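The values are calculated or read from the model by the stated rules, or taken from the named source; none is laboratory data. What you see is a predicted model, and the numbers here were worked out from it, not measured in a lab. Here the Cβ positions follow ideal geometry from the backbone for every residue, glycine too, while neighbour counts run over all protein chains shown. Ligands, DNA and RNA are stripped out before the accessible areas are found, and what is left, the full protein with its side chains, is counted by its heavy atoms. Shrake-Rupley method; radii C 1.70, N 1.55, O 1.52, S 1.80 Å.
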Amino acid sequence: MTAHALAGALADERRRTVFAAIVFGARDVPAVVARTGLPARDAATAVRRLTDAGVVADDGGGLRVDGERLREFARAGAAAPAGPAATPQETILRTFLRDGVLVRLPAQRGRRRVLLEHITERAFERGRRYPERAVDAALRPWCDGGAADHVTLRRYLVDDMLLTREDGVYWRTGWSVHIARPDDVEAVVLLREYMAEMVRRWYGRPERPEEVDAALAEDSNDDLVPPTGLLVLARHDGRLAGCVGLRRQLDWSEVTRLYVRPAHRGAGGGAALLAAVEAYAAEGGADRIRLDTRSDLVEARALYARHGYREVPAFNAGPYAQHWFEKSLPARVDDVAAPR
């Protein structure tokens, strides 16, 4: 961790409050809540982020400030020459990997996805099929001496759709995701394709450019940026393939703009995009995720049902909303450790 990253970990007032509570003896989340008066979810999120950053440790005896780690950071900061700031991805890899071994898997699903994509890229070749014993052999070195085991790691790779499994054989799925701004060139292309298909299917005829322009103006993408939301782009085997948006509400998040290009449909892209946006929603503190869709979008409704979304009463009055869905998101506090 750099001094910049350490400062970032303590930049939030709630995290500083929780850090102080742990310094003065709070050994678990309920104790932190009792000392600080913070809501349990806020306290748990702050503890998780301080732990992910390496500022706080939980060695089985309860939460504590990792004094030795802080001294390491201080020594490293004093000795290291000034250089370019690490990217968020580099910071995550440096925090959770030591000499190519996983220290632990972070609880935050967005951070975990960075690690899983990194491991997938290095452990498995595109186009090659692996029996389970070969997958385990490829993953064991990443877990040797760390807190995660290869079985847990394999399960997460499958759950996050980085590996596909069928009849005991595994291969790389080929999907990757990243956050982009809605005014990025690739995002603009995908969002326009999405809206063109929505217009075309609504009217049952080829869309006209001015209709797409009007629809984009009516339902803007400007809020798909932090803190109000975000936009995720997907690639399939390196090719731009789809997108999904997330709008953040008070205690829930909304899925929007889910789109997979026709050439990439049927390859798991919808599931990969949903998994990614659910991860970002949970990381942002949402306890449920919602969406609305139209009656003519039959494939989308089937996708949502397959992935745990249930129809609920209307929660908005959108002009094109005809079906409303909701899914509960699991709250995870502790880092993933090897099962005992």
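Here are the numbers:
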| read-out | value |
| --- | --- |
| Matching entry among V212, V199, V188 (being open to solvent by 60 Å² or more (accessible area, probe 1.4 Å), part of a helix (DSSP H, G or I) and without any contact (Cβ under 8 Å) to a residue 40 or more places away in the chain) | V188 |
| Selected residue (only one of A317, A302 is outside any loop (DSSP other than H, G, I, E, B), open to solvent by 40 Å² or more (accessible area, probe 1.4 Å) and aliphatic (A, V, I, L, M)) | A302 |
| Pair list, Cβ under 6 Å, 6 or more apart: segment 129-142 residue in a strand (DSSP E or B), other residue open to solvent by less than 30 Å² (accessible area, probe 1.4 Å) and at pLDDT below 95 | Y130/Y170 |
| Scan of segment 240-255 for residues that are crowded, with 19+ Cβ neighbours inside 10 Å and among the polar types (S, T, N, Q), ordered by number | S253 |
| Condition broken by G146, with the remaining ones in (1) over 28 Å from G245 (Cα atoms); (2) in a helix (DSSP H, G or I) satisfied | (2) |
| In segment 111-128, the residues that are surrounded by 13 or more Cβ atoms within 10 Å (Cβ to Cβ) and touching a residue at least 24 places away in the same chain (Cβ under 8 Å) | R111, R112, R113, V114, L116, E117, H118, I119, T120, F124 |
| Qualifying positions in segment 215-226 - within 12 Å of R181 (Cα to Cα) and either open to solvent by 10 Å² or more (accessible area, probe 1.4 Å) or assigned to a strand (DSSP E or B) (or both) | N221, D222, D223, V225, P226 |
| Residue list for segment 148-183, restricted to those being over 18 Å from E125 (Cβ atoms) and open to solvent by 60 Å² or more (accessible area, probe 1.4 Å) | V151, R155, D159, D167, H178, I179, R181, D183 |
| Residue in segment 17-54 that is nearest to the chain's Cα centre (by Cα), counting only those that are touching a residue at least 12 places away in the same chain (Cβ under 8 Å) and in a loop (DSSP other than H, G, I, E, B) | A53 |
| Any chance A271 is more than 29 Å from A53 (Cα to Cα), open to solvent by 50 Å² or more (accessible area, probe 1.4 Å) and either in a loop (DSSP other than H, G, I, E, B) or among the aliphatic types (A, V, I, L, M) (or both) | no |
| Residues of segment 280-295 satisfying the condition of being of a type outside the set (D, E) and either at pLDDT 95 or above or buried (at least 21 other Cβ atoms within 10 Å of the Cβ) (or both) | Y280, A281, A282, A286, R288, I289, R290, L291, T293, R294, S295 |
| Pairs, first touching a residue at least 40 places away in the same chain (Cβ under 8 Å) and farther than 20 Å from L50 by Cβ in segment 87-102, second open to solvent by less than 30 Å² (accessible area, probe 1.4 Å) and in a helix (DSSP H, G or I), C-beta under 8 Å, six or more apart | V101/C143 |
